[in-house]
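Structure, as structure tokens:
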Amino acid sequence: MSDLNDPRVFFAAERTLMAWNRTGLTLMAFGFVLERFGLFLHVLRQTGHVGRDLSFWIGIAFISLALIVIGFSIVQFRRVLRTLKPIEIPERYCTWGGIAMNLSVVVLGFALLAYLFSEL
């Protein structure tokens, strides 16, 4: 990828991975807040309507988008890792730590989706 032979290239890629992780977490949180806001409006209305409102589906869309963003960031990071020379990765540095963090967020995101769909 680069001819710098410098570990800063790897650390920049890792920072980018974590930035995408934060973006995904923000999208996921926003989706959850939207979904809960719809539930709040449903309680305020106190009508006989039982079902999913538009806010539920928009919230689910944001959470799904977050999972796609985080998954794509893992793929991109792995592609960058394959292009780096061994000298650009610090010796005995755990290169899978960021990937493991993102994978755990994806698993928890799917658990959140399962929880939201099982409710009602």
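Where a number appears in this text, it was derived from the coordinates with a stated rule and is not lab data. Predicted model, so just to flag it, every value in this text is computed and none were measured. Using ideal geometry, Cβ is built from the backbone for each residue, glycine included, and neighbour counts are taken over all protein chains shown.
Could you tell me whether Thr95 is out of contact with any strand residue (DSSP E or B) (no Cβ under 9 Å at 6 or more places or on another chain), outside any helix (DSSP H, G or I) and of a type outside the set (Gly, Ala, Ser)? So Thr95 passes the test.
Checking each residue in the stretch 71-96 for being under 30 Å from Arg36 (Cβ atoms) and in contact with a Leu (Cβ under 8 Å, 6 or more places away or on another chain) picks out Ser73, Ile74. Would you confirm whether any residue within the stretch 82-92 is buried (at least 19 other Cβ atoms within 10 Å of the Cβ) and either part of a helix (DSSP H, G or I) or in contact with an Asp or Glu (Cβ under 7 Å, 6 or more places away or on another chain) (or both)? Yes; the residues of the stretch 82-92 include at least one that is buried (at least 19 other Cβ atoms within 10 Å of the Cβ) and either part of a helix (DSSP H, G or I) or in contact with an Asp or Glu (Cβ under 7 Å, 6 or more places away or on another chain) (or both).
Step by step: first the residues of the stretch 1-41, then only those that are within 29 Å of Trp57 (Cα to Cα) and of a type in the set (Lys, Arg), then the one that is farthest from the chain's Cα centre (by Cα). Which residue is that? Residue satisfying both the conditions and the ranking: Arg36. When Leu17, Leu67, Leu25 are checked against the criterion of being touching a residue at least 40 places away in the same chain (Cβ under 8 Å) and closer than 28 Å to Leu4 by Cα, a single residue qualifies: Leu17. Across the stretch 96-107, the qualifying residues are those that are surrounded by 13 or more Cβ atoms within 10 Å (Cβ to Cβ) and without any contact (Cβ under 8 Å) to a residue 60 or more places away in the chain, and the one among them that is farthest from Pro7 (Cα to Cα) is Val106.
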